[in-house]
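The structure under discussion appears below in the form of structure tokens.
The values are calculated or read from the model by the stated rules, or taken from the named source; none is laboratory data. Since this is a predicted model, take the numbers as computed values, not measurements. Please note that ligands, DNA and RNA were not included when accessible areas were found on the heavy atoms of the full protein model with its side chains. Shrake-Rupley method; radii C 1.70, N 1.55, O 1.52, S 1.80 Å.
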Amino acid sequence: MIKAILVFNNHGKPRLSKFFTHYSEEVQQQIIRESFHLVSRRDDNVCNFLEGGTALGGADSRLIYRHYATLYFVFCVDSSESELGILDLIQVFVETLDKCFENVCELDLIFHVDKVQYILQEIVMGGMVLETNMTEILTHIEAQNKIEKQEGGISANTTKALNAVKNMSPNLPNLPKNINLPNISLPNISFNR
């Protein structure tokens, strides 16, 4: 089972963290720090999986990762998962992100968290792999994008409301532009005691 999916940059700043096993916030932060510490110190010419840290479960857990440009993609799994299968899954995830964002970069993960989470949910849910066929994943993402465009979001709804009011204005009765009100004299009232 996949326990967590972490993406952090070369400096250890988390850009995506999805935990499928319940951990307290403090333990989650410790797992992120430990994972970065373990993965970032490894040479590029060694294998991409290693035993997980103590916070993750020690010998029963493994870290399987890939390093792309400025980002580490780390899958924290238990011993029942295939290391090579997870490496392929990371490749599918990154390629899908690359197709959706056209040369995905760290800023895409920061500014489009909702879309990245949706892509991840198409691939993995509840710690179990749902889909590995990138064509199928992209089909679902395109369908979601069509729905979002049809609904238009908040800004489009605001524009629709303003246009509706503008279209209604010729049907509204004409109000006088200059209204002269008589001068009303108010009595002098003193509030001094």
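Numbers below:
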| read-out | value |
| --- | --- |
| For the range 2-142: accessible area per residue (Å², 1.4 Å) | 52 |
| Exposure ranking of Lys3, Lys149, Lys99, Lys115 by accessible area [1.4 Å probe, largest first] | Lys149, Lys99, Lys115, Lys3 |
| Carbon + sulfur, % of accessible area of the range 2-142 - ligands and nucleic acids excluded, 1.4 Å | 49 |
| Listed residues Thr139, Thr54, Thr96 arranged by accessible area, highest first, probe 1.4 Å | Thr54, Thr139, Thr96 |
| Reach of Lys13 by Cα under 12 Å, taken over aspartates and glutamates that are not fewer than 8 positions away in the same chain | Glu106 |
